[in-house]
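Every read-out reported here was derived from the displayed coordinates using simple, explicitly stated rules and does not represent laboratory data. Model, not experiment: these values are computed from the prediction. Methodologically, a virtual Cβ is constructed for each residue, glycine included, from the backbone with ideal geometry; neighbour enumeration extends over all protein chains shown.
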């Protein structure tokens, strides 16, 4: 592994362990009083266990994502500067997720204590606290610890998903690897998370054995294992972190190759100038911009059409120049975010078909497509069908397809290739367009806005924005497509950093 | 017995004295159901009292009241003339040896730790606790090698002895035993009952024992109390109980007496 790779892994591992431990601690602090209060209050037990069970049925990813609007709501209602991305939502969601096994274990452990033992503890004159610590808790320890171990393993696993809400974790490696089809990186992220979970489980298991048998030895060994794990991970991170103490410039990326490549391009550039840089990769599309607004990320790469609809909430279509002017003005006014550069290429939503099918059906433009659409199947990315662009296309062309299905972006080109779809949503800078036998259909009624690639800079980072202005107009679409293809092509695949180096040479940005 | 009657058995050796344990018109209901309806009782120091009666008659509840695990709805309980309601409940319990039904040994504590639970609560130093554990184990004929074992490693008889040892550990003057030999085979039960009787006499204890073993009660107790539906329907020395006309008493005695006669008939003369 290279130096930056090791730094990324050790950083992700340290952050992963940190967020998991904090979430588990929070869950234990919440669960403990509930467990102790529940036996005497059946109504409390019903409510708490019911609620925890409902939470468990929500997929972990959805739970993490739901905390974003919830915290935004809290911020708007209270006026307090509550962060809605990164650490806080991850901590809350993971803690909530860990609650059920802790409550089950705790309540089950206490309920399993024989009545005669409780009675004897009172009868010999133990105080309430003595009964709690010396009888109830230590007798319940095996079941309680069983719950704690389950909660720990779940939390460490679910923490990989915290990447999607902007919290650094081992999920960074997994999501970036999935997108780039870099299976080595995916495996590294998964194996590290699994290893972490197994060591924590074993350590807690030893502590459990010690408490249950009232033997100090195994408990101390277990605590030692956990302490060594924490110290080792933190030490490794400390040792391999970038040397500079200055706060790094944080570049955020969404989950596709173009974003990884551009982030590497800018990072290499800034590092040459002596600035430390960190890349936060794999953010959800909407969350990436929100992170820039919140200042958790200094530089984001976004698209004018996306910001137009998602950040400004507009559905009208305007000429490119006018749209950019409004974006510059309104993003500044509403979010204090600066557009530092328009990179020079567009990554627009477009509809595409296989060349031979398009020719056979006589389809060149989307208005041609409307005629034959009822016999065709449409494959879209995961978000297209709920985006404003789809509504705009339907309005402008009256499009109706025989079937619609959502795919992960990397699989869409394959879907049209093997005939499981006739029409796909494509991105105009997609590397595959430079080779695949597909044609983009012209938006002849101008229903879709422009998608100029932009560098957006967080509030208060004006010097950085000026520095990045040199990218304005420097990356033509052909160069971007070719660079994307280097990272996406099935054979002789390059890393985003290598593709970025190629792009820098190609565009003279070295 | 009714409220206001003089408490029974206030006399010993013809001398009137303050009873060691006295209950006056003690009433208790649990969950709206009457459990004890006016218990009057006076137990002289050094007496071995057997509480007998059908299940649900209120025997266990009476022991729990005396150890302040419950508080009565009405009436008073006094030990050595002092009303227990006026004392701290934890202090009352530490001063009484109470072996609860089923033993209630702490499964995660060693035999030695179980035995010296009350001395530990009272803050005895470690060495003294260890010595006391060994002393009690010897007294109850428990092999020393069991000291570091856990309750699940013990036989039923051994567990009963440990329960008894735990009740005796801090040298209480009053012993409350709730079916201490309930789950034992007759031979072990008999041996242990003899051991208990010897300890009771040797240490001058006042002992209340709840038992379903009528033969044990009749043969060893100084005084028997028959409870029926929350009331004491008969009290007195075993010889008086055997002749008591109350139907509940006769019902209780019918089976063991018939068995004893039948067994006697089998024995060759």
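Its Cα gyration tensor gives chain B an equivalent ellipsoid. The semi-axes, each the square root of 5 times an eigenvalue, are 30, 25, 17 Å from largest down.
Under the Kirkwood approximation for Rh and a Cα-based Rg, what ratio Rg/Rh is obtained for the stretch A:185-244? For the stretch A:185-244, the value is 1.14. Only Cα pairs under 8 Å and 6+ residues apart enter the sum, and on that basis the relative contact order of chain B stands at 23 percent.
Only helical runs count toward this figure. For the protein assembly as shown, summing -39,500 (n - 2.57) over DSSP H runs of n ≥ 4 and dividing by all residues gives -16500 deg cm²/dmol at 222 nm. Derived from the Cα gyration tensor, the three semi-axes of the equivalent ellipsoid of the stretch A:81-217 are 40, 17, 10 Å, largest first.
Restricted to Cα atoms, the stretch B:105-172 shows a radius of gyration and a Dmax of 10.5, 30 angstrom.
Other protein chain C-beta atoms within 10 Å of residue C-beta, averaged over B:92-103: 4. Temperature 20 °C, viscosity 1.002 mPa s: under these conditions the Stokes-Einstein estimate for the stretch B:97-231, based on its Kirkwood radius over C-alpha pairs, is 140 µm² per second. Computed over Cα pairs, the Kirkwood radius of the stretch A:234-373 leads via Stokes-Einstein (0.890 mPa s, 25 °C) to a diffusion coefficient of 137 µm² per second.
So for the stretch B:169-236, what percent of the C-alpha to C-alpha distances run longer than 16 Å? Tail of the P(r) past 16 Å holds 50 percent of the pairs.
How high is the relative contact order of the stretch A:349-441, in percent, with contacts defined as C-alpha pairs under 8 Å that are six or more residues apart? Result for the stretch A:349-441 is 48 percent.
Fewest neighbouring Cβ atoms within 10 Å first, the residues A:190, B:23 line up as A:190, B:23. To the nearest 10 degrees, how steep is helix A:477-488 against the longest Cα principal axis of chain A, on a 0 to 90 scale? So the inclination is approximately 40 degrees.
Over the stretch A:349-441, the fraction of Cα-Cα pairs per 10 Å bin, rounded to whole percents and listed from the shortest bin up, is 17, 57, 26, 0.
The C-alpha atoms of the stretch A:466-510 occupy a region whose extents along the principal axes are 38, 18, 14 Å, arranged from largest to smallest.
For the pair residue B:197 and residue B:246, a Förster radius of 30 Å applied to the C-beta separation gives a FRET efficiency near 0.65, rounded to the nearest 0.05. Here the protein assembly as shown is treated as a sphere whose radius is the Kirkwood value from Cα pairs; by Stokes-Einstein at 10 °C and 1.306 mPa s it diffuses with a coefficient of 48 µm²/s. For A:269, A:444, A:491, the sequence from fewest to most other C-beta atoms within 10 Å is A:491, A:444, A:269.
The stretch A:6-39 and the stretch B:158-211 have Cα centres lying 50 Å from one another. In chain A, Cα pairs under 8 Å separated by at least six residues give a relative contact order of 14 percent. Against chain A, whose longest principal axis is taken from its Cα atoms, helix A:60-78 shows a tilt of about 90°. Put in line by how crowded their Cβ is, counting other Cβ atoms within 10 Å and starting with the fewest, B:179, B:141 read B:141, B:179. The three principal axes of the Cα atoms in the stretch A:3-240 give end-to-end lengths of 65, 47, 29 Å, sorted in falling order. Compared with the dominant Cα axis of chain A, that is its longest principal axis, helix A:42-57 is turned about 30°.
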